[in-house]
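A quick write-up on the structure given underneath.
The values are calculated or read from the model by the stated rules, or taken from the named source; none is laboratory data. Note that the coordinates shown come from a computational prediction; the quantities given were computed from them, not determined experimentally. As a convention, Cβ positions derive from the backbone with ideal geometry for all residues, glycine included, and neighbour counts pool all protein chains shown. We work out accessible area using only protein heavy atoms, side chains counted, and drop any ligands, DNA or RNA first. Shrake-Rupley method; radii C 1.70, N 1.55, O 1.52, S 1.80 Å.
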Amino acid sequence: MDFGFTPEEEEFRAQVLEFLADFRDLDGYFHRREKTGEGVRGLYRALGDRGWLSLSWPEEFGGAGLSPAYEFILWDEMAYARVARPPMGPGLMAKALMAHGTAEQRDRFLPRLREGRLNFALGYSEPDAGSDLAAVRTRAQRVSQDEYQVDGAKCWTSNAHWADCIWLLCRTGAADSRSRGLSVLIVPLDHPGVTVSPIPTHDGGRLNEVRFDDVRVPVADRVGAENEGWQVVGSALAVERHVQFPPKRLRRDLQDLVRWVEDAGLGQDPAVRGRLAELAVRVAEVEALALALLGEIIAGEPSAVPAAYHKLAGTTVAQEIARAAMEFGSPEALVKGTDIEFMWRQAILETIGGGTSETMRGLVARQAFDLGART
């Protein structure tokens, strides 16, 4: 496999770097500062104006019809600059709407997603289900031919405090139906009966609990057939993993660690230099896994297992880089508020978001090695 990028793709990278010059102060990747959401929304609108939120969308849906490599380059550079993470809407939700949505839903949602003017939160995890999506309990009861009543709660929901809608995985089948009784609804977050409450995070950021109390949702806002939400969720995740943990974020982490080592006067310590060399190799491994995953997606090959390998390796290395400063023995690594200490707290969360490390290992065990029970 050729892991290189084409001249056209590298020209696009140059355009991205030029674009980022106007957003260098935006802290949209880690959200260390308050009220970052408005800046991120502005960035998404600017990307939409350039057509960069729909780079790989088929032309029939208003996209550029380009290779997923363009998306990879865009969000890899965004991660290195620590400017923003990819929005869920133009990626996961848009791809699902293209595959499973009605013509009316596509006409209603896709233009605003393409323009960066509609933002989604992902309503999957629950207090009693965690990463086991088949155990979802939030209930959507059909109360008429045209309407559902939704009751329940989602937790650890990113960006729900500033998003417009939530992509809600809920149970429409029997309580014990597991993955066979799930559906996906699109619910505006300002709907009556929806309450968004903050959950402070380990790194000083914010996740959310989203409660639904007698929330009425039109059947027209269900994506896909009733009780077939598992297929909707699975197909969308399969095509978005190549941008969810960009490897250049790790390259930036390692460079920051090296600068910190030099500033701390540790640069000539043989043990420190040896550990930095080991970490450089580990980062290169993750970069290779990311490019292999991208190659599988471009080729249209099944990508769930390569994506799990990549996510697991990437988040593990993020923790290894952050832990190294503590291993080197400088007190700054233990002082709250310093960059190096923040890196450690933030890296822990990376092993949770987008599927925990345990979930990734379970997926590999089941699909790559045929171990364990299937849902």
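Between the amide H of Trp57 and those of Ala64, Gly65, Leu66, distances stay under 5 Å, these residues lying 5 or more places away or on another chain, with hydrogens modeled in the peptide plane.
Looking at the chain, the DSSP beta bridges with both ends there are about 85 percent antiparallel. The tail of the calculated P(r) for the chain beyond 28 Å holds 47 percent of all Cα-Cα pairs. Taking Cα atoms only, the orientation of helix 37-49 departs from the longest principal axis of the chain by about 80 degrees. Carbon-plus-sulfur accessible fraction, segment 29-109 (probe radius 1.4 Å, protein heavy atoms only): 48%.
I'd like to check one number: the per residue accessible area of the chain, probe 1.4 Å, reported in Å² as a whole number. Intermediate values should be presented prior to the final figure.
Numbers: 16810 Å² over 375 residues.
With the other protein chains kept in place, the chain gives 45 Å² per residue.
For Cys165, the accessible surface of its heavy atoms amounts to roughly 10 Å² (probe 1.4 Å, protein chains only, rounded to the nearest 10). For a paramagnetic label modelled at 7 Å from the Cα of Arg361 toward its Cβ, which residues of segment 310-328 fall within the zone defined by backbone nitrogen distances under 13 Å? Those under the cut-off are 312-313, 316. Helical runs assigned H by DSSP (4 residues or longer) give the chain a calculated mean residue ellipticity at 222 nm of -14500 deg cm²/dmol, each run adding -39500 (n - 2.57) before division by the residue total.
Extending 7 Å from Cα along the Cβ direction at Val219 and again at Ala292 yields two label points whose distance is 4.7 nm.
Here segment 281-375 is described by how far its Cα atoms reach on the three principal axes: 46, 29, 18 Å, from widest to narrowest. The alpha carbon centroids of segment 324-375 and segment 152-184 are separated by 25 Å.
Rolling a 1.4 Å probe across all protein chains gives His191 an accessible area of roughly 50 Å². Rounded to whole Å, give me the distance from the Cα center of segment 75-113 to that of segment 224-282. If we compute the Cα centre of each part, the gap is 22 Å.
The candidates Trp156, Trp167, arranged from most to least accessible area with a 1.4 Å probe in the full protein assembly, appear as Trp156, Trp167. GNM remark for the chain: springs join alpha carbons under 10 Å apart, and the peak mean-square fluctuation among Pro90, Pro68, Pro58 falls on Pro58. Applying 1/(1 + (r/R0)^6) with r as the Cβ-Cβ distance of Asp107 and Gln145 and R0 = 35 angstrom yields a FRET efficiency of 0.95.
At a 1.4 Å probe radius, carbon and sulfur cover how many percent of the accessible area of segment 117-259?
Details: 2790 of 5800 Å².
That fraction is 48 percent.
Short-range pairs are left out: with C-alpha atoms under 8 Å and at least six residues apart, the relative contact order of segment 1-132 is 27 percent. Counting only protein heavy atoms and using a 1.4 Å probe, the accessible area of Tyr309 comes to about 100 Å².
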